[in-house]
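Quick one: the structure is below, and I'll ask about it shortly.
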């Protein structure tokens, strides 16, 4: 971004850097409210339906969910390393860290996909094959939220994987140089997607499991 | 003047591509003007058909179902494709960067993308409405919009969803621009009030619109996949939809009115040749309205079955949000006090705004009272109230701003006589249209009905008569602005004697707004014995 010629609206590269950073934070604020609305609706039903809803939540695959949490947290650590090494002026290290980030992101999606496939086989996918007679209507609403939330999160992650790969290629080609904002901003986005999962994971998989 | 043809943003490059691919905030503002005007008249045609239908007690124009689709179309087009984007995307885009001494918005290409999203969203929704429309009302309440839906709900909602991203990106662009692109010397308390109120609006756009996006996405999931989220037939909670819908749509009212308040705060000091009374109060009232506006959505659901204690809290907060609005009205009036008032067209529109907004606000207080609200819920009283805010307030503010900045935007003057005539016509037409609706509502006429008992006819006839006057008042500017572009005299850089930075540069402005970056040396609205003291140092 700052690698291009400075836009006419900016006087200095520092001004542009501050502007794009604030722009990314404002975008993330929008995203917080976007996911926040879904989580609020989810909590509303969790309180309203109570035990039936929590029983449905126990059908989720907690082992796979936990593994995915570990994968995603590790990917965020790699992302942080990529940003740090890039700013320190290293040429090879940030590319490797970014590749690791993207691969871990991909691993998350694969594990998530496995989970969805297992749920499909158990007839737990609303609109496709949900077995209402067996699980009940409340469980169906839970799984509507489950697929909406994890699906939207996975979509954000896929976008993140594309962005990270794009940045890795550009750093590898030398068209991004330290001091620019692109890598740092993609990093912010990646951490945000990670944080969304940090909220979804306990709300979906953990709360009420021992109750 | 015989100056050679000066380069301005209008003639810097030519051809349709130079407009459709422009990143100049001023040109994008004009693109928005085209879109906004188009949708305003589409929504206006729907409104005219509604008023035509209501002249007689029985249904004449088509079936009751057609009537349902008509008022739904009017609401959807006017709210999402005219009122919400109206002032921010046109005058905000054009004037805000100039007011703070910037050469463009922070993200010019994002700005162009916002326009395309707005147009694409608008065309998708318009297509759906013309294919057959929806009969849910603009609020898409469940289960009208899912279980009982008969129209093109999916396409309509998808268009609104797309245009929401236009809102979000516009708000984001303004926030960053105000924070980071202010000229040297332009401190926060030297910002014109229009900048502050657009900033407050932007915060609402960025924080409320995503909630609507998610709500509509869930509605789409429910409708497309036939799974239960809100629909009671599928085990959902329709009240939750109303909560989520109004969490956006009530703050959206402030998206509509705050920019208008900003425009009025610009116009009143200029045409009174006096400093704005209580600048700090006006500024912080904008912020207060934006914040408290997020906490009052439940007053739309007093009879929908929410808890009485929730209703009490929402009632109290709704009274509270009226306080900053009232403070602003007092500030404008106090600004005029002992001022040297000029009755030009922008000022007449501003007078109209203040009067109509006050009536709209006071009737809003009546509706915030639980017992009164139960009596008049879903009657014409509510319809009259929100039209006083949205048409009497927001649209009057839009026209006020348009007349105020027209010389800057077009570089031409318009015939003030005709403009004053249009402003007066709109004011009287508006009152004749909507005041009878207060009486109708109080007498018990429910909204959204095609036919009604004959004893209500006199009020409906008065209202429809007013609507035809209002229509003339809104159509007149098309003619004299067209005349102004073709034959109007050239405008000087500061025709009104205002103090803001946008008046320090030529009319129309050069592509980069200022010949040299301005330095700001004083707060806005300073007058020395009626003479404007410019904010920019070198004028």
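The values are calculated or read from the model by the stated rules, or taken from the named source; none is laboratory data. These numbers come from a predicted model, not from an experiment. Here Cβ is always computed from backbone atoms with ideal geometry, including for glycine, and neighbour counts include all displayed protein chains.
Could you tell me which of the residues B:150, B:177, B:187 is surrounded by fewer than 24 Cβ atoms within 10 Å (Cβ to Cβ) and modelled with pLDDT of 95 or more?
Step by step, each of B:150, B:177, B:187 is checked, and only B:187 is surrounded by fewer than 24 Cβ atoms within 10 Å (Cβ to Cβ) and modelled with pLDDT of 95 or more.
Among the listed residues B:132, B:185, identify the single one that is at positive phi and touching a strand residue (DSSP E or B) at 6+ places or on another chain (Cβ under 8 Å).
B:185 is the lone residue from the list that is at positive phi and touching a strand residue (DSSP E or B) at 6+ places or on another chain (Cβ under 8 Å).
Does residue B:182 satisfy the criteria of being under 27 Å from residue A:127 (Cβ atoms), more than 10 Å from chain A (Cβ to nearest Cβ) and surrounded by fewer than 23 Cβ atoms within 10 Å (Cβ to Cβ)?
Taking the combined requirement at face value, the residue does not satisfy it.
Could you tell me which of the residues A:195, A:186 is more than 14 Å from chain B (Cβ to nearest Cβ), surrounded by fewer than 20 Cβ atoms within 10 Å (Cβ to Cβ), part of a helix (DSSP H, G or I) and modelled with pLDDT of 95 or more?
A:195
Only one of B:352, B:305, B:361 is more than 22 Å from the chain's Cα centre (by Cα) and either part of a helix (DSSP H, G or I) or modelled with pLDDT under 95 (or both). Can you tell me which?
After ruling out the rest, the residue left standing is B:305.
Any residue at all in segment B:246-256 that is free of Cβ contacts under 8 Å to residues at least 40 places away in the same chain, on the phi < 0 side of the Ramachandran plot and within 14 Å of another protein chain (Cβ to nearest Cβ)?
no
While we're here: Under 30 Å from residue B:267 (Cβ atoms), in a helix (DSSP H, G or I) and within 14 Å of chain A (Cβ to nearest Cβ) - does that describe any residue in segment B:88-95?
Yes, there is a match, as at least one residue in segment B:88-95 is under 30 Å from residue B:267 (Cβ atoms), in a helix (DSSP H, G or I) and within 14 Å of chain A (Cβ to nearest Cβ).
Among (1) crowded, with 19+ Cβ neighbours inside 10 Å; (2) within 26 Å of residue B:258 (Cβ to Cβ), which single condition is residue B:69 missing?
(2)
Okay, next question. Could you list, in sequence order, the residues of segment A:7-30 that are at the interface with chain B (Cβ under 7 Å from one of its Cβ atoms) and assigned to a helix (DSSP H, G or I)?
A:15, A:18, A:19, A:22, A:23, A:26, A:27, A:29, A:30
Going residue by residue through segment B:146-166, is there one that turns out to be out of contact with any strand residue (DSSP E or B) (no Cβ under 8 Å at 6 or more places or on another chain) and within 30 Å of residue B:411 (Cβ to Cβ)?
yes
Among residues belonging to segment A:36-51 that are facing chain B (nearest Cβ under 8 Å) and touching a residue at least 60 places away in the same chain (Cβ under 8 Å), point out the one that is nearest to the chain's Cα centre (by Cα).
My answer is A:38.
Identify, please: which residue in segment B:187-213 is within 14 Å of chain A (Cβ to nearest Cβ) and over 20 Å from residue A:23 (Cβ atoms) and is, among those, nearest to the chain's Cα centre (by Cα)?
B:212
Looking only at residues in segment B:231-241 that are within 12 Å of chain A (Cβ to nearest Cβ) and closer than 16 Å to residue B:301 by Cα, which one is modelled with the lowest pLDDT?
That would be B:237.
Considering each of B:162, B:224 in turn, give the residue that is surrounded by fewer than 24 Cβ atoms within 10 Å (Cβ to Cβ), away from chain A (no Cβ under 12 Å) and part of a helix (DSSP H, G or I).
After ruling out the rest, the residue left standing is B:162.
Still on this structure: Looking at segment B:444-459 only, could you name the residues that are under 22 Å from residue B:360 (Cα atoms) and in contact with a helix residue (DSSP H, G or I) (Cβ under 7 Å, 6 or more places away or on another chain)?
Selection gives B:445, B:447, B:448, B:459.
Quick one: how many residues across segment A:123-133 are modelled with pLDDT of 95 or more and loosely packed, with under 13 Cβ neighbours inside 10 Å?
0
Restricting the search to segment B:43-74, which residues are under 29 Å from the mean Cα position of the chain (by Cα) and not in a helix (DSSP H, G or I)?
Listed by number, the residues that qualify are B:54, B:55.
Out of B:319, B:280, I need the residue that is modelled with pLDDT of 95 or more, in a helix (DSSP H, G or I) and in contact with a helix residue (DSSP H, G or I) (Cβ under 7 Å, 6 or more places away or on another chain). Which one?
B:319
Right, here's the next one. Would you mind stating whether residue B:101 is away from every other protein chain (no Cβ under 14 Å) and farther than 18 Å from residue B:128 by Cβ?
no
Follow-up. Just the residues that are surrounded by fewer than 21 Cβ atoms within 10 Å (Cβ to Cβ) and part of a helix (DSSP H, G or I), please, taken from segment A:162-183.
The answer is A:162, A:163, A:165, A:166, A:169, A:170, A:172, A:173, A:182.
Take residue B:170 and tell me if it is in contact with a helix residue (DSSP H, G or I) (Cβ under 7 Å, 6 or more places away or on another chain), in a helix (DSSP H, G or I) and either more than 13 Å from every other protein chain (Cβ to nearest Cβ) or surrounded by fewer than 19 Cβ atoms within 10 Å (Cβ to Cβ) (or both).
It is false that residue B:170 is in contact with a helix residue (DSSP H, G or I) (Cβ under 7 Å, 6 or more places away or on another chain), in a helix (DSSP H, G or I) and either more than 13 Å from every other protein chain (Cβ to nearest Cβ) or surrounded by fewer than 19 Cβ atoms within 10 Å (Cβ to Cβ) (or both).
If you go through segment B:337-350, how many residues are under 22 Å from residue B:421 (Cα atoms) and surrounded by fewer than 23 Cβ atoms within 10 Å (Cβ to Cβ)?
5
Restricting attention to segment B:111-132, report how many residues are more than 23 Å from the chain's Cα centre (by Cα) and surrounded by 22 or more Cβ atoms within 10 Å (Cβ to Cβ).
Going through segment B:111-132 one residue at a time, the tally reaches 1.
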